[in-house]
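Q: What follows is a structure written as structure tokens; I'll ask about it next.
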Amino acid sequence: MHLKMTLLNRRWLAIIVLPVLTCFSQMAMAECVKTMRWSDDRPFTFIDKSSSEIKGISVDIATEALKRLDCNISFKKLPWARALEELRLGRIDLISGAYRKPEREVYALFSTQGLLSPNVLFLRADNLGKWQFNELAEMPSKGFRLGTQINVSYSEEYDRLKQNAQFAKILYPQSNRVSLWRMLKMNRIDGVIADTITGRQELNDLNMSGQIKASDFIVSNAPSYFAFSKATTQQSFVQSFDNVVVKMKAEGLFDKIEKHYLD
């Protein structure tokens, strides 16, 4: 009798416990959601007007990589400076297009798989022959007015120079690049630094591509990375993310995504 009761209890325990464990397992998988910052930064992150979906090179790469890690992705639109603060506080989980900098490594974990697109100086088309620079440090002495985005790092030279009082005087910081393009068109500033691909696409969308052109002056050719919040993400997860991205590159998916948006 005691043996029969023991077996019966075990069966009931299996009936009760196994579904509960399965439920908790499913909940654990469902709870993996990473929030990614986006902005109007075509072709890396932008909203497709025809479908109202957030798309782009960085979006597609992150979405596919997280999917392979059994994670969902959500999006939050933020200006760059605010996004860095939200990442520090753990209110968002990742950003794309970030340069690896010591002060950011205090609160962010960086992927090792970067995207490469040079930052160049954009000028009004009628001034392409007027302004010639070998380095940013020459700008103050020539009376150049440089439009920049708040808290954006364009290069190591730029980060160093903006601490200099004379160089800081020529800077015209704004929270978004669209405002800078308009200021440049209206001759309120003389130039804007931007990613080559993004700048050209934005100017085309704004019908300014005939008035503003990329110059030959390359400010930086360093890669940018995905950055994860230390407040919400473990180093092991970032390593798994990198491993997945390496596999995506080997499969040719990276090239396929870039080709889709750049052609």
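The values are calculated or read from the model by the stated rules, or taken from the named source; none is laboratory data. From a predicted model like this one, the values you see are computed outputs, not experimental measurements. Here the Cβ positions follow ideal geometry from the backbone for every residue, glycine too, while neighbour counts run over all protein chains shown. Areas reflect the complete protein model, heavy atoms only, side chains present, ligands, DNA and RNA absent. Shrake-Rupley method; radii C 1.70, N 1.55, O 1.52, S 1.80 Å.
Q: Counting other Cβ atoms within 10 Å, which trypsin sites (Lys or Arg not before Pro) in the range 89-168 have at most 13 and lie in a DSSP loop?
A: For trypsin sites (Lys or Arg not before Pro) across the range 89-168 that sit outside H, G, I, E and B with at most 13 neighbouring Cβ atoms in 10 Å, the list reads 130.
Q: Next question. In Å, what is the Rg of the alpha-carbon atoms in the chain, and how long is Dmax?
A: For the chain, the Cα radius of gyration and maximum Cα-Cα distance read 24.0, 100 Å.
Q: Between residue 145 and residue 216, what is the label-to-label distance in nm when each label sits 7 Å out along the Cα-to-Cβ direction?
A: 2.7
Q: Could you tell me the calculated FRET efficiency between residue 106 and residue 178, based on Cβ-Cβ distance and R0 = 30 angstrom, to the nearest 0.05?
A: 0.50
Q: With a cut-off of 20 Å, note down the residues of the range 239-263 whose backbone N falls inside the zone around a label point 7 Å from the Cα of residue 204 toward its beta carbon.
A: 255-263
Q: Moving to a separate point now. Express the C-alpha Rg of the range 62-181 as a ratio against the empirical globular expectation 2.2 N^0.38 Å, rounded to two decimals.
A: 1.27
Q: So, one more: Subtracting the Cα-Cα distance from 0.36 nm times the residue separation, let me have the gained length for residue 70 to residue 234 in nm, one decimal.
A: 57.5 nm
Q: Sticking with this one: Top mean-square fluctuation among 132, 163, 149, Gaussian network model of the chain, C-alpha springs under 10 Å?
A: Residue with maximal mean-square fluctuation among 132, 163, 149: 163.
Q: Per residue, what accessible area does the chain have, given a 1.4 Å probe and all protein chains present, in Å²?
A: 55
Q: At R0 = 35 Å, how high is the FRET efficiency between residue 50 and residue 88 if r is their beta carbon distance? Nearest 0.05 is fine.
A: For residue 50 and residue 88, the calculated efficiency is 0.50.
Q: Using the structure shown, select from 34/230; 76/230; 169/213; 77/169 the pairs with a Cα to Cα distance greater than 22 angstrom.
A: Among 34/230; 76/230; 169/213; 77/169, the Cα-Cα distance tops 22 Å for 169/213; 77/169.
Q: Only bridges whose two residues both fall in the chain count here: according to DSSP, what percent of them are antiparallel, nearest 5?
A: 60
Q: Report the normalised scattering of the range 82-149 as log10 I(q)/I(0) at q = 0.15 Å⁻¹, calculated by the Debye formula with identical scatterers on the alpha carbons.
A: Cα-only, vacuum Debye calculation for the range 82-149: -0.73.
Q: Still on this model: Starting from the Cα gyration tensor of the range 116-199, take the square roots of the eigenvalues, sort them a ≥ b ≥ c, and report rounded, prolate or oblate (rounded when a/c is under 1.5, otherwise prolate if a/b is larger than b/c, else oblate).
A: rounded
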